Amino acid sequence: MAAKWSLSGALRGMFQRETITEETWDDLETALIMADFGPDITEQLIEALRADVDRLMVDDPKDLKRMLRERLEERFAEYDPTLSLQERPAVILVVGVNGVGKTTTIGKLARFLVANGQSVVVGAADTFRAAAVEQLATWAQRAGSAIVRPEREGQDPASVAFQTVEAAKAHDHTMCIIDTAGRLHTKGGLMDELGKIKRVIEKQAPISEVLLVLDATTGQNGVNQAMAFIEHAGITGLVVTKLDGSAKGGFILAVQERTGIPIKLIGQGEGIDDLTGFTPHVFVEQLVG
Ligand code: GDP
């Protein structure tokens, strides 16, 4: 995984000291803030770690590093990162603001599922942007999945979603991934549209996952923009993209705690294989070093 997430660069000075001093705590605070944990989590972590250090009477910065790892793992343990895809077909609805990496994520996820023996159909229910449909078609081809496209520009997105699930059933596809629009300026309309898409799908099959895609490089501001989805779209999991380009690994914990929704996938590049499941202990290991 990308070393850019790592705190250890910022913490190098801290670990070179022989004992834990006030400067150690300053370095740790700076490293956590720089990594985008946000002020609240940073303060809570520092407070908890200060208490740990006092209680256990340790003064070696290496012990502090181990304790930081443990504290982070403990917080991640509250959330289950597993994708729930037992239904056949398993229907995955993918939502998010334009530009966050929704279509790219669908392409990568389709590829991952196909590589694991699944038969996948993707549905282009972002019907207002011809370019979005073409982009999804290119990804579907690369991933080896089928695609259901709108018959004309501006077709009712819910009808494309319906046809996608219908095609999955007719052709025994095991997985069905549906792309949706992310136009921010029509928030009310967009949420109504998503509601309709969900109702129409549920007439044929339960929805296994509603994944909200978030861009790590936009940080908390991106979460603010996506709040309407969190409040109205019944999100079951988060996908955080563009972690490769940012040193903002702490965003992962901050966003999960802010929304109360587990991170299920992370995107770390523009290539088709640059998507992985989220494994907290691997992530913490990378982050803290
Ligand atoms: P959408 O509008 O949400 O469907 O976003 P796109 O899938 O079109 O992606 C927008 C841009 O982000 C494209 O240039 C993608 O190549 C890029 N992108 C998507 N995911 C990642 C990622 O994990 N890392 C990086 N570096 N770029 C990404």
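The values are calculated or read from the model by the stated rules, or taken from the named source; none is laboratory data. Since this is a predicted model, take the numbers as computed values, not measurements. In this analysis, Cβ positions are derived from the backbone assuming ideal geometry, glycine residues included, and neighbour counts consider all displayed protein chains. Protein only, heavy atoms only, side chains kept; ligands, DNA and RNA dropped before computing areas. Shrake-Rupley method; radii C 1.70, N 1.55, O 1.52, S 1.80 Å.
Data table
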{"quantity": "Residue tally, condition under 21 Å from the mean Cα position of the chain (by Cα) and modelled with pLDDT under 90, over the stretch 18-34", "calculated": "1"}
{"quantity": "Among (1) touching a strand residue (DSSP E or B) at 6+ places or on another chain (Cβ under 6 Å); (2) free of Cβ contacts under 8 Å to residues at least 40 places away in the same chain - the single one G260 does not satisfy", "calculated": "(1)"}
{"quantity": "Residues that are within 23 Å of M227 (Cα to Cα), in a loop (DSSP other than H, G, I, E, B) and among the hydroxyl-bearing types (S, T, Y), drawn from the stretch 239-289", "calculated": "S246"}
{"quantity": "So F229, is it free of Cβ contacts under 8 Å to residues at least 60 places away in the same chain and more than 23 Å from R111 (Cβ to Cβ)", "calculated": "no"}
{"quantity": "Residue within the stretch 109-118 that is in contact with an Asp or Glu (Cβ under 8 Å, 6 or more places away or on another chain) and surrounded by 21 or more Cβ atoms within 10 Å (Cβ to Cβ) present", "calculated": "yes"}
{"quantity": "Answer from A130, A170, A137, A143 - the residue that is farther than 20 Å from M191 by Cα, more than 24 Å from the chain's Cα centre (by Cα), within 14 Å of the ligand (Cβ to nearest atom) and not charged (D, E, K, R)", "calculated": "A130"}
{"quantity": "Residue among T279, T174, T217 that is open to solvent by 10 Å² or more (accessible area, probe 1.4 Å), polar (S, T, N, Q) and under 24 Å from A137 (Cα atoms)", "calculated": "T174"}
{"quantity": "Looking only at the stretch 82-102, and only at residues there that are within 16 Å of the ligand (Cβ to nearest atom), β-branched (V, I, T) and open to solvent by less than 10 Å² (accessible area, probe 1.4 Å), the one that is farthest from Q141 (Cα to Cα)", "calculated": "V95"}
{"quantity": "Residue in the stretch 105-112 that is within 16 Å of the ligand (Cβ to nearest atom), of a type in the set (S, T, Y), part of a helix (DSSP H, G or I) and touching a residue at least 24 places away in the same chain (Cβ under 8 Å) present", "calculated": "yes"}
{"quantity": "Residue in the stretch 223-238 that is nearest to the ligand (Cβ to nearest atom), counting only those that are part of a helix (DSSP H, G or I) and open to solvent by 10 Å² or more (accessible area, probe 1.4 Å)", "calculated": "Q225"}
{"quantity": "Residue that is more than 10 Å from V121 (Cβ to Cβ) and surrounded by 16 or more Cβ atoms within 10 Å (Cβ to Cβ), where the choices are A132, A168, A146, A140", "calculated": "A132"}
{"quantity": "The stretch 190-214, subset in a strand (DSSP E or B) and open to solvent by 10 Å² or more (accessible area, probe 1.4 Å), residue farthest from Q268 (Cα to Cα)", "calculated": "I207"}
{"quantity": "Subset of the stretch 113-127 that is part of a loop (DSSP other than H, G, I, E, B) and more than 11 Å from the ligand (Cβ to nearest atom) - its residue that is nearest to L85 (Cα to Cα)", "calculated": "Q118"}
{"quantity": "Residue satisfying all of: in the stretch 19-60; farther than 19 Å from G289 by Cβ and assigned to a loop (DSSP other than H, G, I, E, B); most open to solvent (accessible area, probe 1.4 Å) among these", "calculated": "M57"}
